[in-house]
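Working notes for the structure below.
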Amino acid sequence: MSEPRNESTTLDEFHPAGEEVQSDSEGGAMAQESPKNSAAEIPVTSNGQLEDSHEHSFNRDLKRSLPVGLGLSETKITSHGFDSTKEGVVEAGPFPGGRAQQKSGPVVLADEVKNPAMEKLELVRKWSLNTYKCTRQIISEKLGRGSRTVDLELEAQIDILRDNKKKYENILKLAQTLSTQLFQMVHTQRQLGDAFADLSLKSLELHEEFGYNADTQKLLAKNGETLLGAINFFIANVNTLVNKTIEDTLLTVKQYESARIEYDAYRTDLEELNLGPRDANTLPKIEQSQQLFQVHKEKYDKMRNDVSIKLKFLEENKVKVLHNQLVLFHNAIAAYFAGNQKQLEQTLKQFHIKLKTPGADAPSWLEEQ
């Protein structure tokens, strides 16, 4: 009976302290089937530290076995001696001096972070909806089905302005034609005066006759250049009035008309929703339509006020500009055909018109190449 006890004591002395021996055959079979632990195969020195020759391979194997998102820089590897109860223990945690471990999970975007693509998509959606509503409103008005907001007084002023613009453009076109024809006549008179002067020097028997005609043509050419300067000054100011001042006002009128169409389009939508049933589904739509209607109503009122102010200032500016230019045109034409050279020159001084020297605007021979 004493022999079994001695055998048991021998087995206890063979195993280190702290290890459990499997007592059943099933546990032994599972131990044989399980793969060998790589940490158990790592040799250590006498003081319990890892050998340098195997440290790199162990870290590589450990990196492959760790979950994704946990790097070696974020782990601590602790290796104890054989007398310790924790052999080859891998502790996951923040590495000393390194960054903290990031928590896994869904990424939550902050409210202030906006996606430019989504913003552009929302702008395109609003623009498409607004275009659709405006197009539907225009078609309804042309077919006589939709209602239209009309400011009778303002619409009458706009119609008068457009009609006057066409008439001013016609006057401007005729004045430009007169300027071109007068320039050709002045150029011909100057050439004729030079021809008479040349013949006056070469024909002694007709020296005085050719001389009188040369002086007359040169005087007419000089007066024609003065009149031409007055007409060109008239054309420049009328052109500024028609193609800049009036055109700028008409641009504001176009913006006002666009605002009016948007206002009527959203007004029609609100009226249709108010005529329909009121329930939990339609009430949010009615409230949203009411807000959009109010926004476009304010825009329409603002543009209508801007057009009224611009029309008022335009009328004052137009009267002042045209009064001065019509007086200049009349006095210059009357003085020229009356042969009153002094009065013609006085008219140009009155309006501070400086005549250009003939040939001053002619391009140089380098520019002509």
(request) Output the residue which, of all residues in the stretch 254-284 that are under 26 Å from LEU152 (Cα atoms) and among the basic types (Lys, Arg), is most open to solvent (accessible area, probe 1.4 Å). (result) LYS254
(message) Every residue in the stretch 180-224 that is polar (S, T, N, Q), over 23 Å from LYS342 (Cβ atoms) and under 60 Å from the mean Cα position of the chain (by Cα), please.
(response) THR180, GLN181, GLN184, THR188, GLN191
(request) Starting from the stretch 179-205, take each residue that is open to solvent by 70 Å² or more (accessible area, probe 1.4 Å) and list its partners that are of a type in the set (Gly, Ala, Ser), counting only C-beta distances under 6 angstrom and pairs at least six apart or across chains. (result) ARG190/ALA221
(message) Being modelled with pLDDT under 95 and touching a Phe, Trp or Tyr at 6+ places or on another chain (Cβ under 8 Å) is the filter here; which residues of the stretch 172-223 pass it?
(response) PHE196, ALA197, LEU199, SER200, SER203, PHE210, GLY211, ASN213, ALA214, GLN217, ASN223
(request) For residues that are buried (at least 17 other Cβ atoms within 10 Å of the Cβ) and among the small types (Gly, Ala, Ser), scanning just the stretch 206-228, find the one that is nearest to LEU326 (Cα to Cα). (result) GLY224
(request) Give LEU344, LEU292, LEU314, LEU322 a once-over and let me know the one that is open to solvent by less than 70 Å² (accessible area, probe 1.4 Å), closer than 30 Å to LYS126 by Cβ and not β-branched (Val, Ile, Thr). (result) LEU292
(message) Just to be sure I understand the filter: pairs with C-beta atoms under 9 Å, separated by 6 or more residues or on different chains, first member in the stretch 299-324 and in contact (Cβ under 8 Å) with a residue 24 or more places away in the chain and more than 25 Å from GLU262 (Cβ to Cβ), second member open to solvent by 50 Å² or more (accessible area, probe 1.4 Å) and among the β-branched types (Val, Ile, Thr). Which pairs pass?
(response) VAL321/THR240
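For the stretch 179-217, how many residues are among the polar types (S, T, N, Q) and over 30 Å from PHE234 (Cα atoms)?
First pass over the stretch 179-217, keeping only residues among the polar types (S, T, N, Q): 179-181, 184, 188-189, 191, 200, 203, 213, 216-217.
When the remaining residues are screened for being over 30 Å from PHE234 (Cα atoms), the result is 200, 203, 213.
Residues that pass the stated criteria total 3.
In the stretch 132-154, what residues are in a helix (DSSP H, G or I) and exposed (fewer than 11 other Cβ atoms within 10 Å of the Cβ)? Full working, then the answer.
Step one: of the stretch 132-154, the residues in a helix (DSSP H, G or I) are 132-142, 152-154.
Selection gives LYS142, LEU152, GLU153.
The values are calculated or read from the model by the stated rules, or taken from the named source; none is laboratory data. Source: prediction; values computed, not measured. Every residue, glycine as well, gets a Cβ built from its backbone with ideal geometry; the counts of neighbours run over all protein chains shown. Heavy atoms of the whole protein, side chains included, go into the accessibility calculation; ligands, DNA and RNA do not. Shrake-Rupley method; radii C 1.70, N 1.55, O 1.52, S 1.80 Å.
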